[in-house]
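K.L.:
Before I ask anything, let me first share the structure, which is written out below as structure tokens.
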Amino acid sequence: MAFVEVYLDRIYHNAAFLNNLCAKKGIGVVGVTKVTCGDPAVARSLNKASIKIIGESRIENIERMKKAGIDSEFMLLRPPERSKIKEALELADYFLVSDLAILEAFVAADIETEVHGYIYMVDTGDLREGVWYREAEDELKEALKIARDKLLGIGTNLGCYGGVIATPEKFQILIDLSERLKRFTGFQLKILSAGNTASLPLVEYGTIPEGINQFRLGESIVCGTDVTNNRIVPGTRQDTFILHGEIIELKRKPSVPEGEIGQDAFGRKPHFEDRGVRLRAILDLGEQDVLPSGLIPLEQGIEVLHASSDHLIVDLTECPKEFRVGDTLSFRMSYGALLRVMTSKYVRKEYIHELQKGQSR
Ligand SMILES: *Cc1c(COP(=O)(O)O)cnc(C)c1O
């Protein structure tokens with residue numbers, strides 16, 4: 001069975017490194033675990049690295065972590081369906097909200113004595129969630145009327161839909177909005193929640209405007225990468241998760257199919273280049289488990305060709321190593337590939353604690 005190794009100490013390293021980096025600029029980190037489906041072992045590593053708030057997009061994941069004994073504060077990054085709002089209030093402490101109707105529904109159901117806080121999202125150009133920044137002032141005043149002192153702050157998200165790159169000007173929008181709200185209502189927002197991983201360069205280069213005091217970080221902690229800026233995040237490790245698939249067929253075959261070509265199993269029109277006869281392996285993985293384009297083989301000379309639901313085809317012709325059926329091939333993964341691997345119930349998760357292993361010897 002295919003399996004993924006989760007290197008908890010490497011994730012801890014990334015979390016501690018980024019938490020320190022942000023702390024130096026007065027920025028608190030929310031550690032986002034959604035790519036791991038709320039894996040409790042990963043959450044524990046983040047808490048151990050002094051990250052106090054775990055960010056999650058789904059209440060099922062928060063429930064999973066709480067059941068596993070994760071004693072942390074939680075931020076729900078995306079509202080659930082309306083019928084689950086009461087449940088969400090029982091599970092999380094902070095909520096990102098981007099619609100007045102949803103905020104109303106939250107506040108109406110929020111009658112417990114526990115203190116919940118809301119962060120209203122502002123769209124600064126990426127076109128995912130939030131009120132469009134040019135129209136934000138009036139909507140924020142409405143949000144304040146609804147949530148009153150439970151409106152903790154405002155936030156924005158970049159690099160997700162539009163792939164928009166973070167700049168100081170984008171974050172200045174949050175600061176200006178906060179100041180205008182203060183001027184007109186006398187109300188001081190406590191949190192300006194600026195970024196996800198895509199915004200980290202501003203912290204690294206020291207160009208983040210003063211006043212921004214929260215970052216929500218997932219990819220950079222979990223993968224050590226920043227896909228929006230197409231880079232590795234300096235100071236982090238990328239070997240946090242390693243996927244292993246087993247060879248279930250090993251054969252030499254032509255590189256071009258024989259017969260009239262229609263569409264593949266996913267309705268895609270395949271293209272082939274004639275490279276002669278190739279040595280190909282089939283692994284026990286498929287589109288159900290991975291994003292084939294996001295797999296990075298650890299061995300030199302291996303090329304991922306294609307996957308259907310359950311068959312991953314790789315070309316081993318250029319690899320100097322000899323393989324046999326039953327051997328495993330190993331991969332690092334992009335964020336997208338990791339998301340599928342962690343979501344697939346067919347991929348076994350193995351947790352590696354290197355430091356503890358070392359100590360017990
Ligand atoms: C997923 C998510 C994050 C974390 O983003 P990364 O790019 O993984 O750092 C932050 N904020 C919101 C609202 C999110 O949905």
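The values are calculated or read from the model by the stated rules, or taken from the named source; none is laboratory data. As the structure is a prediction and not an experimental result, all values here were calculated from the model. Cβ sites come from the backbone with ideal geometry, for glycine too, and all protein chains shown count toward neighbours. Protein only, heavy atoms only, side chains kept; ligands, DNA and RNA dropped before computing areas. Shrake-Rupley method; radii C 1.70, N 1.55, O 1.52, S 1.80 Å.
K.L.:
Please report the carbon-and-sulfur percent of the accessible area for segment 241-360; probe 1.4 Å, protein heavy atoms only, DNA, RNA and ligands left out. List each step's numbers first, then the result.
P.N.:
Details: 3520 of 7190 Å².
On segment 241-360, the fraction of accessible area on carbon and sulfur atoms equals 49 percent.
K.L.:
Could you name the aspartates and glutamates whose alpha carbon sits less than 18 Å from that of Lys67, not counting residues in the same chain fewer than 8 places away?
P.N.:
Asp39, Glu56, Glu87, Glu90, Asp93
K.L.:
For segment 7-232, give the percent of accessible area contributed by carbon and sulfur heavy atoms, probe 1.4 Å, rounded to a whole number.
P.N.:
Carbon-and-sulfur percentage of accessible area, whole number: 50.
K.L.:
Evaluate the charge dipole of segment 241-360 about its Cα centre and quote only its size in Debye, nearest 20, assuming +1 on the Cβ of each Lys and Arg and -1 on the Cβ of each Asp and Glu. Kindly include the intermediate steps, with their values, before the conclusion.
P.N.:
Working: 16 positive and 19 negative charges, 50 e Å.
It comes to approximately 240 debye.
K.L.:
Compute the long axis of helix 100-109 from its Cα atoms, compare it with the longest principal axis of the Cα atoms of the chain, and write down the angle in degrees, 0 to 90, nearest 10.
P.N.:
With rounding to tens, the tilt is 80 degrees.
K.L.:
List the residues of segment 126-142 whose backbone N lies under 17 Å from a point placed 7 Å from the Cα of Tyr161 along the Cα-to-Cβ direction.
P.N.:
126-136, by backbone N distance to the label point.
K.L.:
Hey, which aspartates and glutamates would be in cross-link range of Lys145, C-alpha to C-alpha under 16 Å, not counting anything within fewer than 8 residues on its own chain?
P.N.:
Cα-Cα hits under 16 Å: Asp99, Glu104, Asp110, Glu137.
K.L.:
Any idea how far the Cα center of segment 1-42 sits from the one of segment 111-152, in Å?
P.N.:
If we compute the Cα centre of each part, the gap is 27 Å.
K.L.:
Take the chain, connect every pair of alpha-carbon atoms lying under 10 Å apart with a spring to form a Gaussian network, then pick out the residue of Ala105, Ala337, Ala281 with the largest mean-square fluctuation.
P.N.:
Ala105
K.L.:
To test your reading of the geometry: what angle, between 0 and 90 degrees and rounded to tens, separates the Cα axis of helix 136-147 from the longest principal axis of the chain?
P.N.:
It works out to around 80 degrees.
K.L.:
What does the highest-first list of 90-98, 18-26 look like by mean Cβ count within 10 Å?
P.N.:
Values: 90-98: 21.1, 18-26: 16.7.
Ranking the peptides 90-98, 18-26 by packing returns 90-98, 18-26.
K.L.:
Of Ile11, Ile70, Ile119, which has the largest mean-square fluctuation in a 10 Å C-alpha GNM of the chain?
P.N.:
Comparing Ile11, Ile70, Ile119 in a Gaussian network model of the chain, the most mobile one is Ile70.
K.L.:
Here's something else I'd like to know. Measuring from centroid to centroid over Cα atoms, what is the spacing of segment 262-298 and segment 201-253 in Å?
P.N.:
Measuring centre to centre over Cα atoms gives 24 Å.
K.L.:
Using only helices, what value at 222 nm comes out for the chain when you add -39,500 (n - 2.57) per DSSP H run of length 4 or more and divide by the total residues, to the nearest 500 deg cm²/dmol? Please report the intermediate quantities before stating the final value.
P.N.:
Numbers: 11 runs with 106 residues, N = 361.
After summing the helix terms and dividing by the residues of the chain, the value is -8500 deg cm²/dmol.
K.L.:
Follow-up question, since we're still on this one. Between Glu112 and Gln288, what FRET efficiency comes out of the Förster formula 1/(1 + (r/R0)^6) with R0 = 35 Å and r the beta carbon distance, rounded to 0.05? Walk me through the numbers on the way to the answer.
P.N.:
On the way: r = 40 Å, r/R0 = 1.14.
E(calc), rounded to 0.05, equals 0.30.
K.L.:
Turning to a different aspect of this structure: Assuming a strict under-23 Å limit between Cα atoms, what lysine pair count do you get for segment 241-360 once near-sequence pairs (fewer than 8 apart, same chain) are dropped?
P.N.:
On the way: Lys251/Lys321; Lys253/Lys269; Lys253/Lys321; Lys349/Lys357.
Value for segment 241-360: 4.
K.L.:
Which shape class applies to segment 1-97: rounded if a/c is under 1.5, otherwise prolate when a/b exceeds b/c and oblate if not, where a ≥ b ≥ c are the square roots of the Cα gyration tensor eigenvalues? Walk me through the numbers on the way to the answer.
P.N.:
Details: a/c = 2.18, a/b = 1.24, b/c = 1.75.
Cα axes put segment 1-97 in the oblate bin.
K.L.:
Let me ask another. Is the C-alpha gyration tensor of segment 34-145 telling us rounded, prolate or oblate? Criteria: a/c under 1.5 is rounded; beyond that, a/b larger than b/c is prolate, otherwise oblate. Don't skip to the answer; put the middle values down first.
P.N.:
Numbers: a/c = 2.19, a/b = 1.57, b/c = 1.39.
It is prolate, given that a/c is not under 1.5 and a/b is the larger ratio.
K.L.:
Still on this structure: Need the list of aspartates and glutamates near Lys25 for cross-linking: C-alpha distance under 13 angstrom, and skip anything on the same chain fewer than eight residues off.
P.N.:
Glu204, Glu210
K.L.:
Return a whole-number percent for the relative contact order of segment 241-360, with Cα pairs under 8 Å and 6 or more residues apart as the contact set.
P.N.:
Working: 214 pairs, mean separation 36.5, N = 120.
Normalised by residue count, the contact order of segment 241-360 is 30 percent.
K.L.:
How much accessible area per residue does the chain have, in Å², with a 1.4 Å probe? Present the calculation step by step, with values, prior to reporting the outcome.
P.N.:
Working: 17590 Å² over 361 residues.
Per residue, the chain has an accessible area of 49 Å².
K.L.:
In debye, nearest 20: dipole of the chain around its Cα centre with unit charges on the Cβ of K, R (+) and D, E (-)?
P.N.:
On the way: 46 positive and 53 negative charges, 147 e Å.
Roughly 700 debye for the chain.
K.L.:
Got a sec? Charge dipole of the chain, +1 on Cβ for Lys and Arg, -1 for Asp and Glu; which of Ile173, His271, Tyr12 is way out at the positive end?
P.N.:
Checked the options; the winner is Tyr12.
K.L.:
Considering only the chain, what is the antiparallel percent among its DSSP beta bridges, to the nearest 5?
P.N.:
Numbers: 28 of 61 bridges.
The antiparallel fraction comes to roughly 45 percent.
K.L.:
Provide the net charge surrounding Gly155, with neighbours chosen by a C-beta distance below 13 Å and charges set as Lys +1, Arg +1, Asp -1, Glu -1. Kindly include the intermediate steps, with their values, before the conclusion.
P.N.:
Details: positive: Arg78, Arg128, Lys170, Lys190, Arg216; negative: Asp123, Asp126, Glu129.
Around Gly155, the surrounding residues sum to +2.
K.L.:
Determine, for each peptide in 214-220, 46-52, the mean count of other beta carbons within 10 angstrom over its residues, then list the peptides with the highest first.
P.N.:
Numbers: 214-220: 24.7, 46-52: 19.1.
Highest to lowest by the protection proxy: 214-220, 46-52.
K.L.:
Answer rounded, prolate or oblate for segment 7-232, using the Cα gyration tensor with square roots of eigenvalues a ≥ b ≥ c: rounded when a/c is under 1.5, else prolate when a/b is larger than b/c, else oblate. Can you show the working numbers first?
P.N.:
Working: a/c = 1.74, a/b = 1.12, b/c = 1.55.
It comes out oblate by the Cα gyration axes.
K.L.:
Output the relative contact order of segment 90-168, whole-number percent, from Cα pairs under 8 angstrom with separation of 6+ residues. Let's see the in-between values first.
P.N.:
Values: 122 pairs, mean separation 26.1, N = 79.
33 percent.
K.L.:
With the contact rule set at Cα under 8 Å and sequence spacing of 6 or more, what percent relative contact order holds for the chain?
P.N.:
Working: 766 pairs, mean separation 68.0, N = 361.
Result for the chain is 19 percent.
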